[in-house]
Amino acid sequence: QVQLVESGGGLVQAGGSLTLSCTASVNTFSIRVMGWYRQAPGKQRELVATITNGITNYADSVKGRFTISRNTAKNMLYLQMKSLKPEDTAVYYCNAGTWPGYWGQGTQVTVSS
């Protein structure tokens, strides 16, 4: 069983930056794919970014603004978010493993205009 805990969310003004972190309870060396998803009020959960064997993939809406990375030695996953927009407001979830994989409880990101 893999437990994931997200942190780093908060309230930020439009144009600001935040970095989310996800801590895994197990060694993530053997976990091939990890990612970030988000869910805004009244909307379905959507992919933000994934990293698979070092290869990154981003939703079009965040390309050029968000960067996903992982530190396998520390069992950590990160999401650097820059130039934040009000439409980035959502609960952000960490995901690990083959779909559907394991999920964290989420961390709220609120971007004010």
(request) At 1.4 Å probe size, with every protein chain present, just tell me what the per residue accessible area of region 3-113 comes to in Å². (result) 54 Å²
(message) Placing unit charges on C-beta atoms (Lys and Arg positive, Asp and Glu negative, everything else neutral), compute the dipole magnitude of region 23-113 about its Cα centre in debye, rounded to 20.
(response) 120 debye
(request) Please report the Cα spread of region 1-111 along all three principal axes, rounded to whole Å, starting with the longest. (result) 37, 25, 21
(request) Keeping the other protein chains in place, figure out the carbon and sulfur percent of the accessible area of region 65-113, with a 1.4 Å probe. (result) 49 percent
(message) I'd like the Karplus ³J(HN,Hα) series for region 25-41: coefficients 6.51, -1.76, 1.60, θ = phi - 60°, whole numbers in Hz, and an x wherever there's a Gly or Pro.
(response) 7, 10, 5, 8, 4, 8, 8, 6, 10, 9, x, 10, 10, 9, 9, 8, x
(request) Report ³J(HN,Hα) in whole Hz for each residue of region 87-100, in order, from the Karplus equation J = 6.51 cos²θ - 1.76 cosθ + 1.60 where θ = phi - 60°; Gly and Pro get x. (result) 6, 7, 4, 4, 8, 9, 10, 8, 9, 9, x, 5, 3, x
(message) As I understand it, the dipole of the chain uses +1 on the Cβ of Lys and Arg and -1 on the Cβ of Asp and Glu, about the Cα centre. Which of Gln108, Gly10, Trp36 lies farthest toward its positive end?
(response) Trp36
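The values are calculated or read from the model by the stated rules, or taken from the named source; none is laboratory data. A quick note: this is a predicted structure, and the numbers were derived from the prediction, not measured. Ideal geometry is used to build each Cβ from the backbone, glycine not excepted, and the neighbour counts take in all protein chains shown. The area values use the complete protein model at the heavy-atom level, side chains included, leaving out ligands, DNA and RNA. Shrake-Rupley method; radii C 1.70, N 1.55, O 1.52, S 1.80 Å.
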